[in-house]
Structure formats: structure tokens, C-alpha cells
Amino acid sequence: MLIGQQPKDFLLSVEGLTVSFDGFKAVNDLSFYVDENEIRVIIGPNGAGKTTVLDLICGKTRATSGSIHFRDRDLTKMRENEIVQAGVGRKFQTPSIYDDLTVFENLEISFPRGRSVLGALTFKRDAEVRERVHEVAEMIFLKDRLAMRADLLSHGQKQWLEIGMLLIQDPELLMLDEPVAGMSVSERVKTAELLHRIIEGRSVLVIEHDMKFVEDIAHKVTVLHQGQILSEGTMDKVKNDPKVIEVYLGH
Ligand SMILES: Nc1ncnc2c1ncn2[C@@H]1O[C@H](COP(=O)(O)OP(=O)(O)O)[C@@H](O)[C@H]1O
Ligand SMILES: [Mg+2]
């Protein structure tokens, strides 16, 4: 952290984070800071601890020590559902959309309940939900597919739908684990465009291996190795870092 800056100056402040599985430290005294409106990419070899970091942030895995401040709240002290309500959305590697529902219905059921300012006025709420569904569908390139059953979408479209199901909850921090794996080149380009579009008012934390994609999206890159930071900075800086070339990019 820069001198004079406080954890609360960042959207997310991870400090001294450690998790030990039977004595093996998958994440080891890790500290990093994510700004508002930032797209941060975590890269690193298999087993580096990348997915575990997301598991720790979303409360799926409990930290052994350290803190994760999301603004002024320490996520290590909160339950998974409280973390979601606080504004953290997380997409897992395997899609969890409802195959037999339409695109519209998948988005509709993801709209947070009880958040409507219009309260019990059902017809107004319905209109509000519909409007939001259309807005998100447009963002995820699926506005012409609203009536289609989700299982008929392409692999890439399914990934976008799942991102949409998180976006509809308007998270301040969106976490994506390898979002473009299995996507075509054109789908990757569109996904990069999507991330740049949704950054207004939120930050995105992405794990990714595709270096072209990382280059397209990352404001900053954190390179993880054996649960620790090997290098951090702009893509230009980390890709020219001899340590990164040795343990990751050189392979
Ligand atoms: N729940 C767990 N119990 C025991 N070991 C785990 C658990 N989760 C992850 N690990 C281990 O922690 C290390 C980091 O895993 P992971 O975070 O999935 O790496 P990455 O996503 O960077 O490939 C691996 O050695 C993995 O086997
Ligand atoms: Mg992983």
C-alpha cells in the first residue's frame, strides 16, 4: 500500500491473508488492494492459489489469518449470504444457469428480492424487473435471445448469461474465474468489451490464463505463485518481469 493510504481508500483491501489446509499454506500472507472501477486480473501457474483467493473473498473458504476489507467491512467475519448482500458477486468456473428456463427467466429469478424501492406494488415491481432484465440482456449481447431456453445457447452465451445473472444484482465487486475458457476468439473479444462496459460503478476481479484477453482487460495484474505475490503492476511491467517469465510465461 502507498504511504498515507488507508484500507478504506480502496474498494477491496486484502491484508496478510493466509489459509492453511492441513498445514499447507495455499494462500500465504497475501496482501493486495483493488481500486474502485478497476479491472484486476490474477494470473499464475496451476495450484498458485488463485481460486482459493476468490473462495476466501466470497466466504466459501474461511481464512486462517488476515483480513479482507470490502470498504470498511471485514469479509472474513461474514457469512457467504451476507457477503453477497454486501455487494460481492462471484462466478464459478462451471456455469450454474437453469437449463430449462428461458434467458429472460434466468435473469428474472436472479433479481434481488425485497430491494425494490416501490415496495409491495407488485405491478410496479414487475415493470422494474422487466426493465432491468432488458438492460442487462442488452449488455450481455442476449437481447434477441430473451425467449430462448438457456440450454440452447452457445457455450459463450451461457457464460454471458451467468455474468448477467450476477449483474442484475448490481454487485460492487464482481469476481470471475476463467470466464473465457472454451470461448471462441470473437466471443473473447466481446467478453472483453462487456467487462469494459460494466466497470462503471464497480470493480472486477478476474482469474485468467489467456494472455491476449488479460492484455485487453487488465488495468493491473497480480501474479500469484505458491500463495504469494510474485509480481504486480501493469501488464507491460509483469510480462517483462524475469521472475514472471521464469515461473509462468516462459512455459
Ligand atoms: N479445500 C482445499 N483443501 C485442501 N487443499 C486445497 C483446497 N483448495 C485448494 N487446495 C490446494 O491449494 C492449492 C491452490 O489451489 P487453487 O487455489 O485451486 O489454485 P489455482 O486456482 O491457482 O490453480 C492447490 O495445491 C490445491 O490443491
Ligand atoms: Mg483455479
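The values are calculated or read from the model by the stated rules, or taken from the named source; none is laboratory data. Just so we're clear, the structure is a prediction, and the values are computed from it rather than from any experiment. Here Cβ is always computed from backbone atoms with ideal geometry, including for glycine, and neighbour counts include all displayed protein chains. We work out accessible area using only protein heavy atoms, side chains counted, and drop any ligands, DNA or RNA first. Shrake-Rupley method; radii C 1.70, N 1.55, O 1.52, S 1.80 Å.
Given the pairs Lys25/Lys50; Lys91/Lys158; Lys190/Lys212; Lys158/Lys212; Lys60/Lys220, which are separated by over 18 angstrom at their Cα positions? Pairs exceeding the cut-off: Lys158/Lys212; Lys60/Lys220.
Sorted into 5 angstrom bins from 0, the C-alpha pair distances of the stretch 164-251 split as 3, 12, 23, 23, 19, 13, 6, 2, 0 percent. Only helices enter the 222 nm calculation for the chain: every DSSP H run of n ≥ 4 contributes -39,500 (n - 2.57), and dividing by all residues gives -9500 deg cm²/dmol, rounded to 500.
Against the longest alpha carbon principal axis of the chain, how many degrees, from 0 to 90 and to the nearest 10, is the axis of helix 155-167 turned? Long axis of 155-167 versus the principal axis of the chain: about 90 degrees.
Residues of the stretch 96-170: accessible area per residue at 1.4 Å, in Å²? List each step's numbers first, then the result.
Numbers: 4080 Å² over 75 residues.
In whole numbers, the stretch 96-170 has 54 Å² accessible per residue.
Which distance in nm do the two modelled labels at Phe21 and Glu131 give, with both placed 7 Å along the Cα-to-Cβ direction? Distance between label points: 4.6 nm.
To the nearest ten degrees, helix 185-198 and the longest principal axis of the Cα atoms of the chain are 90 degrees apart. Taking Lys and Arg as +1 and Asp and Glu as -1, the other residues whose beta-carbon sits under 13 Å from that of Phe32 total -2. Exposure check, 1.4 Å probe, all protein chains in place: Ser154 carries approximately 40 Å² of accessible surface.
The convex hull of the Cα atoms of the chain, projected and averaged over all directions, covers 14.6 nm².
Around Leu152, with a cut-off of 11 angstrom between Cβ atoms, what is the net charge of the other residues, counting Lys and Arg +1 and Asp and Glu -1? The partial results should precede the final answer.
Values: positive: Arg145, Arg149, Lys158; negative: Asp99, Asp100, Asp151.
That works out to 0.
In this structure, the amide hydrogen of Leu230, modeled 1.01 Å from its nitrogen in the peptide plane, lies closer than 5 angstrom to those of Val223, Leu224, His225, counting only residues at least 5 positions away or on a different chain. Loop exposure criterion: chymotrypsin sites (Phe, Trp or Tyr not before Pro), DSSP state outside H, G, I, E and B, at most 16 other Cβ atoms within 10 Å. Applied to the chain, the longest stretch between such sites is 99-251.
The Cα center of the stretch 72-103 and the Cα center of the stretch 30-55 differ in position by 17 Å.
Considering Cα pairs under 8 angstrom that are at least six residues apart, work out the relative contact order of the chain and quote it in whole percent. Answer for the chain is 26 percent. Across the stretch 5-46, the residues whose backbone nitrogen lies under 18 Å from the label position 7 Å along the beta-carbon direction of Ser67 are 5-19, 29-35.
Of all accessible surface on the chain at a 1.4 Å probe, what whole percent is carbon and sulfur? Can you show the working numbers first?
On the way: 6110 of 12210 Å².
In the chain, the share of accessible area belonging to carbon and sulfur is 50 percent.
Straight Cα distances below 15 angstrom link Lys77 to the aspartates and glutamates Glu15, Asp55, with same-chain residues fewer than 8 positions distant left out.
Which of rounded, prolate or oblate describes the stretch 96-170 when judged by the alpha-carbon gyration tensor and an a/c cut-off of 1.5?
prolate
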